[in-house]
Amino acid sequence: MYSPSEVIYRCRRCGDLLSVEYDADLMRPETAKKWRGRSLSVWRYAELLPISDRSKIVSLGEGGTSLNRCSRLGSELGLKEVYVKNEGENPTGSFKDRGMTVGVTRALELGIKIVACASTGNTSASLAAYAARAGLECVVLIPSGKVALGKLIQAMIYGARVIQVKGNFDDALKIVEELCLTQPIYLLNSINPYRLEGQKTIAFEIWDQLDGRVPDEVIVPVGNAGNISAIWKGFRELYSMGLIDKLPRMIGIQAEGAAPIANLIKMGLKEIEFVENPETIATAIRIGSPVNWKRAVGAIKDSNGFAETISDEEILKAQRLLASYEGIFVEPAGAASIAGLIKLVKNGLVRQDDLIVCIATGHGLKDPDIVLRQFPKPVEVEADVNTLMKLLSS
Ligand code: F0G
């Protein structure tokens with residue numbers, strides 16, 4: 001057990017990651033009564049977030065994302081109740097904002113002046129924005145040439161120092177962790193337990209939006225494996241508080257070329273085999289050595305869930321399906337949960353009347369290139385209505 005006054009990311013004895021725990025007297029249904037009058041957002045759940053001085057909160061209005069019932073998608077798949085939680089609606093377009101509002105507030109509390117992260121794009125976009133809002137310096141390390149354009153320009157415009165690392169995300173994370181251990185720079189990757197506290201509010205919001213019902217399955221794209229761990233922690237806390245009497249099965253989805261966790265679970269391996277050269281068009285989850293793998297495996301196993309891999313082709317198909325059937329445009333990594341669902345249906349691993357929630361993790365506009373590559377150039381016509389009508393009737 002470590003005190004909140006310490007800046008520490010790993011247990012000094014075993015090297016494992018740390019998590020935030022709350023006093024037992026908060027773990028009661030009464031705590032949730034305080035939430036009722038507040039709008040749906042990360043800070044609705046302030047009592048279960050590790051920030052003592054709420055006047056210092058660094059916020060851009062994160063959380064409160066919609067939970068869309070997807071009837072057209074559901075009927076296409078033969079499912080009764082499918083929901084998509086659209087995390088692309090967050091201020092910088094991904095779920096990372098939920099963690100950053102807590103993590104950057106924590107940096108202010110500690111009196112830290114510089115924050116840093118390694119990122120496949122969304123973490124850096126989010127950290128850069130929240131650091132700007134807080135007046136902190138920000139350093140982001142990204143894998144050279146492997147970050148979607150929309151995310152790169154976000155980090156730039158928010159004023160971060162953007163550094164490309166000749167290597168992949170795992171290499172970048174390794175060196176930024178080393179840097180932060182020796183310098184007065186605060187690390188805001190999901191190694192930092194405060195980040196995950198913000199992200200667990202995805203579970204709280206789902207519970208609120210479903211009026212207290214608990215999904216049978218929650219399907220989550222997995223990269224560094226922080227988010228699935230955070231969502232599971234959120235549901236477990238609702239359970240400990242006596243607000244729910246069952247837990248969802250956590251389903252983790254990884255891209256085939258970057259699937260150490262899914263391979264471990266699916267093949268029943270004894271030990272995790274990290275992927276040295278991860279590859280997928282879903283660059284957000286192009287990660288071979290997920291730091292949160294132990295927690296994620298715990299979440300999946302403890303919840304009686306499972307993990308699945310999907311191909312790049314399946315990801316792109318799911319991205320198009322979600323956009324064209326439901327009007328929800330997500331980036332490829334965000335579509336991994338939908339691609340996963342399609343595969344689970346095919347393999348008979350979910351029931352027709354299950355209550356299913358897919359987490360769509362990031363906005364589609366972050367990665368326009370991937371869409372442009374798949375569609376032909378739109379046709380061009382003369383500015384003449386007769387030509388237009390002829391074209392439309394053909
Ligand atoms: N989906 C998107 C859109 C992401 O950006 C990420 C992670 C994930 C899913 C996976 O979440 O790592 O918690 O398992 N992006 C990180 C980043 C790695 O740097 O932006 P995870």
Failed criterion for ILE356 (all others in (1) touching an Asp or Glu at 6+ places or on another chain (Cβ under 6 Å); (2) surrounded by fewer than 24 Cβ atoms within 10 Å (Cβ to Cβ); (3) under 27 Å from LEU247 (Cα atoms) hold): (2)
Could you check segment 266-288 and list, in sequence order, the residues that are in contact with a Pro (Cβ under 7 Å, 6 or more places away or on another chain) and either within 15 Å of the ligand (Cβ to nearest atom) or farther than 20 Å from LYS174 by Cβ (or both)? ILE272, PHE274, VAL275, ILE281, ALA282, ILE285, ARG286, ILE287, GLY288
Restrict the check to segment 233-242 and report whether at least one residue is within 20 Å of ALA335 (Cβ to Cβ), modelled with pLDDT of 95 or more and of a type outside the set (A, V, I, L, M, F, W, C). no
Would you check if ARG236 is away from the ligand (no atom under 12 Å from the Cβ), assigned to a helix (DSSP H, G or I), free of Cβ contacts under 8 Å to residues at least 24 places away in the same chain and out of contact with any helix residue (DSSP H, G or I) (no Cβ under 6 Å at 6 or more places or on another chain)? yes
Conditions (1) surrounded by 17 or more Cβ atoms within 10 Å (Cβ to Cβ); (2) part of a helix (DSSP H, G or I); (3) more than 13 Å from the ligand (Cβ to nearest atom): number failed by MET156: (1)
Does segment 18-57 hold any residues that are open to solvent by less than 50 Å² (accessible area, probe 1.4 Å) and acidic (Asp, Glu), and which are they? GLU47
Being away from the ligand (no atom under 16 Å from the Cβ), farther than 17 Å from GLN254 by Cα and hydrophobic (A, V, I, L, M, F, W, C) is the filter here; which residues of segment 322-372 pass it? VAL350, LEU355, ILE356, LEU372
So which residues in segment 202-233 are in a loop (DSSP other than H, G, I, E, B), out of contact with any strand residue (DSSP E or B) (no Cβ under 9 Å at 6 or more places or on another chain) and buried (at least 23 other Cβ atoms within 10 Å of the Cβ), if there are any at all? ASN224
Residue match in segment 173-180 (condition: more than 16 Å from the ligand (Cβ to nearest atom), part of a loop (DSSP other than H, G, I, E, B) and either open to solvent by 50 Å² or more (accessible area, probe 1.4 Å) or of a type in the set (A, V, I, L, M) (or both)): no
Please go through segment 135-150 and give me each residue that is farther than 15 Å from ILE185 by Cα and outside any strand (DSSP E or B), ordered by number. SER144, GLY145, LYS146, VAL147, ALA148, LEU149, GLY150
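Conditions tested, residue by residue: (1) within 14 Å of the ligand (Cβ to nearest atom); (2) touching a Lys or Arg at 6+ places or on another chain (Cβ under 6 Å); (3) over 24 Å from GLU276 (Cα atoms).
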site: ALA118; (1), (2), (3): yes, no, no
site: GLY121; (1), (2), (3): yes, yes, no
site: SER124; (1), (2), (3): yes, no, no
site: LEU127; (1), (2), (3): yes, no, yes
site: GLN183; (1), (2), (3): no, no, yes
Taking the stated definitions as given, is LEU73 surrounded by fewer than 20 Cβ atoms within 10 Å (Cβ to Cβ), away from the ligand (no atom under 16 Å from the Cβ), hydrophobic (A, V, I, L, M, F, W, C) and touching a residue at least 40 places away in the same chain (Cβ under 8 Å)? no
Among the residues of segment 295-309 satisfying the criterion of being within 13 Å of the ligand (Cβ to nearest atom) and in contact (Cβ under 8 Å) with a residue 40 or more places away in the chain, which is surrounded by the most Cβ atoms within 10 Å (Cβ to Cβ)? ALA296
Could we say that TYR186 is of a type in the set (Phe, Trp, Tyr) and open to solvent by 20 Å² or more (accessible area, probe 1.4 Å) here? no
Out of (1) in a loop (DSSP other than H, G, I, E, B); (2) within 16 Å of the ligand (Cβ to nearest atom), what's the single condition that is false for ASP245? (2)
In segment 359-380, residues that are open to solvent by less than 70 Å² (accessible area, probe 1.4 Å) and part of a loop (DSSP other than H, G, I, E, B) total 3
Picking from ILE142, ILE112, the residue that is open to solvent by less than 50 Å² (accessible area, probe 1.4 Å), touching a strand residue (DSSP E or B) at 6+ places or on another chain (Cβ under 7 Å) and within 12 Å of the ligand (Cβ to nearest atom) would be ILE142
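The values are calculated or read from the model by the stated rules, or taken from the named source; none is laboratory data. Computed from a prediction, not measured in an experiment: that's the story for all the values here. Don't worry about glycine lacking a Cβ; one is built from the backbone with ideal geometry, like all the others, and counts go over all protein chains shown. Just the protein is used for accessible areas: all its heavy atoms, side chains included, with ligands, DNA and RNA removed. Shrake-Rupley method; radii C 1.70, N 1.55, O 1.52, S 1.80 Å.
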